[in-house]
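Below is one structure; the comments refer to it alone.
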Amino acid sequence: MTHDPTPAAARPMIRAEGLGKTFVLHTQGGARIPVFEGLDLTVHAGECIGLHGPSGTGKSTLLRALYANYRLDTGHVWVRHGPDWVDMATAPARVVLDVRRRTVGHVSQFLRVIPRVPALDVVAEPLRLRGASEAEARARAGALLTRLNIPERLWSLAPATFSGGEQQRVNVARGFVADVPILLLDEPTASLDNDNRDVVLALITEAKQAGAAVVGIFHDAAVRAAVCDRLFTLTPRTEAA
Amino acid sequence: MTAACAATRDPQAVPATAAAPLLAVEGLGKWYGPRLGCRDVSFTLHPGEVLGVVGESGSGKTTLLGCLSGGLTPTTGRVAYHSEAWGPADVHALPEGRRRLLMRTEWGFVRQNPRDGLRLGVSAGANIGERPMAVGARHYGHIRARALDWLSRVEIDPARLDDRPASFSGGMQQRLQIARVLVNGPRLVFMDEPTGGLDVSVQARLLDLLRDLVARLGLSAVIVTHDLAVARLLAHRLMVMKDGRVVEEGLTDQVLDDPHHPYTQLLVSSVLQA
Amino acid sequence: MSADAITFGYLDDQTKRMIRRALLKAVAIPGYQVPFAGREMPLPYGWGTGGIQVTASIIGRDDVLKVIDQGADDTTNAVSIRRFFRRVTGVAATEKTAEATLIQTRHRIPETPLTTGQILIYQVPIPEPLRSMEPRETETRKMHALADYGVMHVKLYEDIARHGRIATAYDYPVRVNGRHVMAPSPIPKFDNPKMHNAPFLQLFGAGREKRLYAIPPYTSVVSLDFEDHPFEVQRWDRVCDLCGAGDSYLDEVVTDDTGGRLFVCSDSEYCTTRRDAGHRGPAADSTAAGALGATLSAVARDRTEDRA
C-alpha cells in the first residue's frame, strides 16, 4: 500500500504474486483438488487479458480469487485502489468491499437474482453504492439496458423471470454501469446472440480506451481476438498434492 | 486470521472506511452453569457493516446476540461500543439506564417473534411512537406524522395506523416491529432471525425491505440467522458458529462460495441445494 | 409521650413506628412508592385499609378528623371509617373542611382550599401508575429507578388516537417534583391542579399493595400531557343546581324514572355551606331538589347521632 508514481498509461492495476489455491472437500472424504500454485499475473491500465486454458485449469477460480470471492492459500492480489495498493487476499472485509465498490467490477457467469428488486435497480445499485444520486444512477442504468436491448417494459420487473440471455445482459449492464478501473469478466458473452455480443465487445473496448484494466474468460475465439491484448494461459495440474 | 495482518501492516489503508469500530468484541464467552453458550468470540464491526451470524439451532448464535446487546452478562470477555453520545463504552459496565437509553437511541433489537418486540395492546402508531416518546417527543401531531411516515416505509397501509398489531398478519407485525426499532435512527441494530417463522413469499418481501433500509440508512447490524439465503442478501460478512464457537468467518460470498471449514461446507452443501 | 399514648388508636406502637418511618421516607422522596408491612384491618381491602393505616399512625388526640368518599361525608365508606376512628381514638370528627386537621379521602380533594398544617390522606387502590402498561413489578421498579417513563405517554397517545383527546378522566398520571411519575389515586383530573404546590401535606396509602407515598407541601405536581394536547380539567356548562356554584366538581344525580336529573356538587359539605350562606342554584326550589335536600338532612341527623 504505497504510492506509485508510474505514468497512467503503463500503470499496473493488478499485481498478483505467487497465487496458490487448493480446494479441500471435507464433505467428500477430505479430497484435495489443487488448482494452481505460484501463479503471477500483472495487468495494466487499458489492457485486456484473456484467461486461457482447457476447462478445469482454474480460469474461473483465478478470476474469483482476483475479486476475493475465493480465498487463496498463498500469494497476494495487489490492486490499485485510488492512491493505494490493497492486497485483496489479506485486506479486512470492509476494505475489500470498498475496493469492490469503487475499483473492481465483476461480471459473473450468472446473475444472482434478488427477489422483488426490479432490473433497473439491480443495474443502478453499483452506482448508488458509489454515491451517485438515485436519478443519475437510474438514468445511466436505463441507457445501458437500452444499449443492451432490454426493452423498457422489463425494467420494472425482477429479472427472476427473464430468459438466460436477458439475465446475462442485465448482469453485464450491472458490471459496466459504474465505470470502474478494473473489470473482471467471466464469459460475459456466453449466452448472447451476435448483436448483443457485439454490444458487449464495444463496451469492453470503450472501457479499455477509458483506461480500464480488464481480465476476462472468453470461450469464443473470435471474442478473444477482438478484445484481448494478450492471453494468460493456465495449465492443467494433474498430480494430487 | 489473514485479514488481521493486512490491517496491522497499514491501518490507514482506506481512510474512508477506517474509522474507529462501532463494536469491538474480545474473547466473549457465556456459560450457563456447566453448559456452554458461546466462547472465544472476537470481532470488530465498523460503521455501515452488516455481520451475519449463521449456524444451526443451539450453536450459540442467540446467546452471542444477547451478550452483544447487553441483555445477557457474558462469563468472559468484553464488548466495547463506540457511542455517538458518550464515546467508547464497555457495554456490560454501563449502568442499566444508559443501556436502556442506548436501546432507544443508538441501538435497536429486532426479535424473531414480533409479538416479543411489539406492544400488542396499543395501536401501530403508539408502537412506532414509543421510542420517540421515550426520549422526549411530546407533540402528538409530530409523533403521529412520524409513525405514518414509517408505516409507509415498511409498506403498511397508513389506514392501519390506529389498529392494534394483534390484528396484523405475521409479516405485517414483523414490518411494524422494524419500523418501531428504526424510528429513532439507530446506528446499530441486532436482529435475531428476523425472517424466521414467516412464509417464504412474506420472507422475500421483508428481506428486500430490510436490505433496502439497511443500505439507505447506512446501518450497522448483527443478524443472527440459520438461513444462508438471508445471510447472503443482508450480510457483508459472516461468522459461522458451531457448538458455541466461531469456526469460520469472512466476506459473505467468500464463506458461502468457498467454504473452508468442514461444518461450513456441510452447511452450504445441505442448505443451498434446496 | 404519655404511657397510655402507646396504645392510642387501633394500631400497636411498633406498627405505627414502622408506618411513620415509611411515611418519612415517602416525604423525603416525593412520589416514590415506599413498601410497608401492611396490617390486617377490620374491613376488607378496597375499603380504604391503606388510608386507615396512615391515619391511624399519625392521628393524635388533638386532631379533628374529616372522612369523605366521592366528596361526600355521608356515604357508607366514609361513615364507617369515621365511626371506626371515633371509637378507637375518641378524637373529634367534623364535616367542615376548614376545621379538619386530618382528612381521609376516597376519590376527591375538597373544594374548599386546604391550608398549611392540614394533612390529606388518600385511599389508593392501585398505586402503580405504570401497571396498565407493564405488568411486571420488577420491571416497573426499574422503570421508576431509571425515570424510564416513555410508556406513560404511549398510554396518553393511545387515548388521543382512540378518542380524539386524552380521555383519561381520573387517576390521571402526574410527575412529582420533576422525578417520579405517580398515580394520584382515582380522584377526577379536575382535582389534579389542587395537588400542585399545595400548602398542605398529602399522604397516600395502598392497603392491598402495601405501598405508601407522599407529596410534601409546596411540591410541583405536573399532569402529563402533549404540547398539542395540553392537560385540561373537566368543565361544565352549568352550575350546581342546589347551591349555584360554578367552580366545583358536579355529580349527575338521577331523580326519577322519566329522565329527571340534577347536577350537584360532589363535595356535599361545600354545597351545604354555600346553601346555608344563602346561595341558590337554578333548581333549588324544584321537587327533586327538595327530595334530595330531605335525604341529605336525614343523613345529617344520623351523623349527628353518630357524633354524639
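Quick look at the values:
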| read-out | value |
| --- | --- |
| Highest to lowest packing among B:82-88, C:148-154, scored as the average C-beta count within 10 Å | C:148-154, B:82-88 |
| Candidates B:H92, B:H139, B:H236: whichever shows maximal mean-square fluctuation once chain B is modelled as a Gaussian network with Cα springs under 10 Å | B:H139 |
| Test item: Cα-centred dipole of the protein assembly as shown, Lys/Arg +1 and Asp/Glu -1 on Cβ, debye | 1120 debye |
| Choice from C:K155, C:K189, C:K210 with maximal GNM fluctuation in chain C (Cα, 10 Å cutoff) | C:K155 |
| Selection from B:M191, B:L22, B:L120 lying farthest towards where the dipole of the protein assembly as shown points positive, charges on Cβ | B:L22 |
| Relative exposure of C:V233, A:V107, judged by other C-beta atoms within 10 Å (fewest first) | C:V233, A:V107 |
| Positive-end residue of B:V214, B:G52, B:M133, charge dipole of chain B with Cβ unit charges | B:M133 |
| Which of A:E47, C:E232, C:E158 has the fewest Cβ neighbours within 10 Å, and the rest in rising order | C:E232, A:E47, C:E158 |
| For q = 0.11 Å⁻¹, Debye-computed log10 I/I(0) when each Cα of the protein assembly as shown counts as one equal scatterer | -1.21 |
| Shielding by partners, peptide C:225-232 (average Cβ within 10 angstrom, other chains) | 3 |
| Three principal axis lengths of chain B [C-alpha, angstrom, descending] | 53, 45, 43 |
| Rounded if a/c under 1.5, otherwise prolate or oblate - chain C, Cα gyration tensor axes | oblate |
| Lys/Arg +1, Asp/Glu -1 at C-beta; the stretch A:12-233 dipole; positive extreme among A:Q167, A:G56, A:A213 | A:Q167 |
| Helical mean residue ellipticity (222 nm; -39500 (n - 2.57) per DSSP H run of 4+; nearest 500) of chain A | -10000 deg cm²/dmol |
| Total formal charge among the other residues, if their Cβ is under 10 angstrom from that of A:A124, Lys/Arg +1 and Asp/Glu -1 | 0 |
| Average beta carbon contacts from partner chains per residue of B:247-255, 10 Å cutoff | 4 |
| Size of charge dipole - chain A - debye, nearest 20, with Cβ of Lys, Arg +1 and Asp, Glu -1, no other charges | 420 debye |
| Over chain C: helical MRE at 222 nm, DSSP H runs n ≥ 4 each giving -39500 (n - 2.57), nearest 500 | -10000 deg cm²/dmol |
| Likely footprinting exposure, A:T205, C:T115, fewest C-beta neighbours within 10 Å first | C:T115, A:T205 |
| Contact order relative to length of the stretch B:37-92, as percent, for alpha carbon pairs under 8 angstrom and 6 or more apart | 25 percent |
| Test item: B:41-51 mean partner chain Cβ contacts at 10 Å | 1 |
| Nearest-20 debye value, chain C charge dipole, Cβ charges on Lys, Arg, Asp, Glu | 1040 debye |
| Contact order relative to length of the stretch A:12-233, as percent, for alpha carbon pairs under 8 angstrom and 6 or more apart | 27 percent |
| Peptide ranges B:26-37, B:146-157 listed from the most packed, as the mean C-beta count within 10 angstrom indicates | B:146-157, B:26-37 |
| Rounded to 5, the percent of DSSP beta bridges in the stretch C:78-204 classed as antiparallel | 35 percent |
| Kirkwood hydrodynamic radius (C-alpha pairs) into Stokes-Einstein, chain A, 25 °C and 0.890 mPa s, D in µm²/s | 132 µm²/s |
| Filter on C:K25/C:K96; C:K189/C:K210; A:K21/A:K208; C:K25/C:K66; C:K66/C:K210; C:K16/C:K155 - keep pairs with C-alpha separation over 32 Å | C:K16/C:K155 |
| Within the stretch C:1-108, GluC sites (Glu not before Pro) in DSSP loop having at most 11 other beta-carbon neighbours inside 10 Å | C:E40 |
| Cut-off 10 Å between beta-carbons: net charge of the residues surrounding B:E130, Lys and Arg +1, Asp and Glu -1 | +4 |
| Area projected by the alpha carbon convex hull of the stretch C:171-235, averaged over all directions, nm² | 4.8 nm² |
| Relative contact order (percent, whole number), chain C, Cα cutoff 8 Å, 6+ residue spacing | 19 percent |
| For the stretch A:72-207, the fraction of alpha-carbon pairs in successive 10 Å shells from zero, as % | 12, 41, 33, 13, 1 |
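Readers should treat all values here as calculations from the given coordinates under stated rules, not as data from a laboratory. What you see is a predicted model; the values in this text were computed from it and never measured. Neighbour counts are summed over all protein chains in view; Cβ atoms, including those assigned to glycine, are modelled from backbone coordinates with ideal geometry.
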